[in-house]
1. Looking only at region 404-419, which residues are more than 10 Å from the ligand (Cβ to nearest atom) and either within 13 Å of V589 (Cα to Cα) or surrounded by 24 or more Cβ atoms within 10 Å (Cβ to Cβ) (or both)?
2. Which condition number in (1) assigned by TED's automatic domain parsing to the domain that holds Q415; (2) modelled with pLDDT under 95 is the one that A520 fails?
3. Looking at S454 and the list (1) assigned by TED's automatic domain parsing to the domain that holds P524; (2) in a helix (DSSP H, G or I); (3) touching a helix residue (DSSP H, G or I) at 6+ places or on another chain (Cβ under 9 Å), which single condition is not satisfied?
4. Pairs, please: C-beta under 9 Å, at least 6 apart or cross-chain, first residue under 16 Å from C308 (Cα atoms) and among the acidic types (D, E) and in region 494-510, second within 11 Å of the ligand (Cβ to nearest atom) and in a strand (DSSP E or B)?
5. Here's a check for you: in region 336-362, which residue that is among the polar types (S, T, N, Q) and more than 7 Å from the ligand (Cβ to nearest atom) is farthest from the chain's Cα centre (by Cα)?
6. Which ones in region 554-586 are hydroxyl-bearing (S, T, Y), over 16 Å from D536 (Cβ atoms) and under 31 Å from the mean Cα position of the chain (by Cα)?
7. Has region 57-68 got any residue that is assigned to a strand (DSSP E or B) and touching a residue at least 40 places away in the same chain (Cβ under 8 Å)?
8. Considering each residue of region 258-316, count those that are surrounded by fewer than 22 Cβ atoms within 10 Å (Cβ to Cβ), small (G, A, S) and touching a residue at least 40 places away in the same chain (Cβ under 8 Å), and give that number.
Amino acid sequence: MCGITGYIGSGDAVEIAINNLKRLEYRGYDSAGVAFPDTNSVSILRAPGKIVNLEALLSGASEHKHVAIAHTRWATHGRPCEANAHPHRDCTGQLAVVHNGIIENYAELRRELIAKGHEFASDTDTEVFAHLIEEMCELEKGCDKTEGVANAIRKALHLVKGSYALAVISQSAPDTVFVARKESPLIIGLGDGENFIGSDIPAVMRYTRKVLLLEDGDFAILTPNSVTLTDFEGAPVHREILDITWDDTAAEKGGHAHFMIKEIYENPRTVRETLRGRLMDDGEIVLPSLPFSPEQWQKFRRISIVACGTAYHAGVVGKMFFEQILRRPVEVNVASEYRYSDPILDEETLVVLISQSGETADTLAAMREAQHKGATTLAIVNVVGSTLARDADAVLLTQAGPEIGVASTKAYLAQLTALYLLGLYLAKHDNSGRANLTEVEYREYVAALRELPSQIEGILKEEATYALLAEELAKHHCFFFLGRRYDFAASLEAALKLKEISYIHAEAYPAGEMKHGPLALVEPGVAIVGFCTQPDTNEKMVSNLKEVKARDATIITLLLEGAETPDCSDFTLRVPVTKEAFMPLVSMVPMQLLAYHVARVLGCEIDQPRNLAKSVTVE
Ligand code: F6R
């Protein structure tokens, strides 16, 4: 995920901005850059790869500057390379911008700006900002002064759709940094005769502990001795100064005790970002990164989903959803078994590979096998520039941002969101007559997708309930997670989450299978989590729970809001109602919270569980 820093004051601006940029390295990035006002124009230095590569470019010219903005890029539009690294300048070289977020209407704006004579030097959406501000400056005819530049930026912001944390410097206002925020984080660090900007608090903590957290719609003008806050219209805005008392390690985790819980809290944003630019205001789904026309999709008679671990569990949901609405055969495979099973593949098969890291050896081997046999490969992947993202025939990026905790959390929600978008897109464009999706149903799905982020936010507000329940549940030596249909798919991931971080034995079973063997294991000290979110099978589900209750297990039921509590339930958790197919996404948030808190109660190494690695690059 991109990172932004900046400095204005009497210190060495470039050095300070780059030092602070290093505090954002944990977010992951593929290139870095810095801009500062110079003799006649704004200078930029950029390098692909690590920040050390950028530092190697520094020279006397960059020393003793008093204003700088810097950036680490995590590619979204345009491959990782020097030309696409930030900062970007306008045609005149008089201003430079860094940006975190996505400009949804960049293609249209870029076309208009090119028609007006602007020359673009990169493939990024960000560069549009630089030329748009330049264009507005020309209209303003007053961009030689701070207020003129500020007005030009504000006007440009009104033309841009999407999310941004933006920082701008201009040769016309050499002692000023301009910033704006909409749906991407940005903070201001307040110093004595100096001020800082950063994507998060840790970025500035080495120099100051007093920060202003910008909110959506905030615009700020920074000089060494002042910070002027307004909205995008120029009306004054007030934000309280926050005194940071965290230590450095806690700060990197955004004040949370572990990366895992920080990432659980990033779930709503992850879903929003994965929908952004793909689910349009009019309800249309567009997947511009996929190189197939709607007609070309029709040639795929079979879909084969391949992945490992959590990504495989997302694939299980994907299979159910695709089969439900596409009415085509879909199989889901564990990648480590795939190529040894001599899979039946041909030109009419679409192989969907799901991976957070894009580097999992088994998933890569499955991709090569599929390509060798003539199938088309589509990667649903989080890390841009990973091997899977580079080598698959088509890529649908999840927008989870870097995931540091070894146990995958937000990546699962991002993978599901991408699968839902893909399934709905394919069904909507199906002209074979096989798809089972009416226009009304399509609209219902779209409306439900839009609701998901705020529904997850609602669950997160109940974290204290899960922390309390975890105290009780941590006393159990074995867990079964039971469900039917989509609930069974969700239970697979819930069991994995608990076992990998708490080391308690946990298994997922289709609820109806318990009496075919596993029931023999049920005794006091065993906890059963029953997912009851699928109305069609709920009655049967409750009967299955009664069977285990009769063997003295502890029963935790996951129920829809408003649903009647079964009398066999010892503890009840509630989740908001959404489409049945979307329930695994919603249900996983309480399950992640529960797993996290059980592991915390047991004092486990949450972010780095024993024996596990984040990226499994060996078979
Ligand atoms: C579990 C977990 C793993 C990964 C698996 C695949 O929490 O993180 O099961 O899901 O190793 O990794 P990726 O998605 O990087 O291919």
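1. Answer for region 404-419, where residues must be more than 10 Å from the ligand (Cβ to nearest atom) and either within 13 Å of V589 (Cα to Cα) or surrounded by 24 or more Cβ atoms within 10 Å (Cβ to Cβ) (or both): K410, L413, A414, L416, T417, A418, L419.
2. (1)
3. If we test S454 against (1) assigned by TED's automatic domain parsing to the domain that holds P524; (2) in a helix (DSSP H, G or I); (3) touching a helix residue (DSSP H, G or I) at 6+ places or on another chain (Cβ under 9 Å), just (1) comes out false.
4. none
5. Ranking the candidates gives S341 first.
6. T557, T572
7. Restricting attention to region 57-68, the residues satisfying the condition of being assigned to a strand (DSSP E or B) are 67-68.
When the remaining residues are screened for being touching a residue at least 40 places away in the same chain (Cβ under 8 Å), the result is 67-68.
Yes - at least one qualifying residue is present in region 57-68.
8. 2
The values are calculated or read from the model by the stated rules, or taken from the named source; none is laboratory data. From a predicted model like this one, the values you see are computed outputs, not experimental measurements. Heads up, the Cβs are rebuilt from the backbone with ideal geometry, glycines too, and the neighbour counts pull from every protein chain shown.
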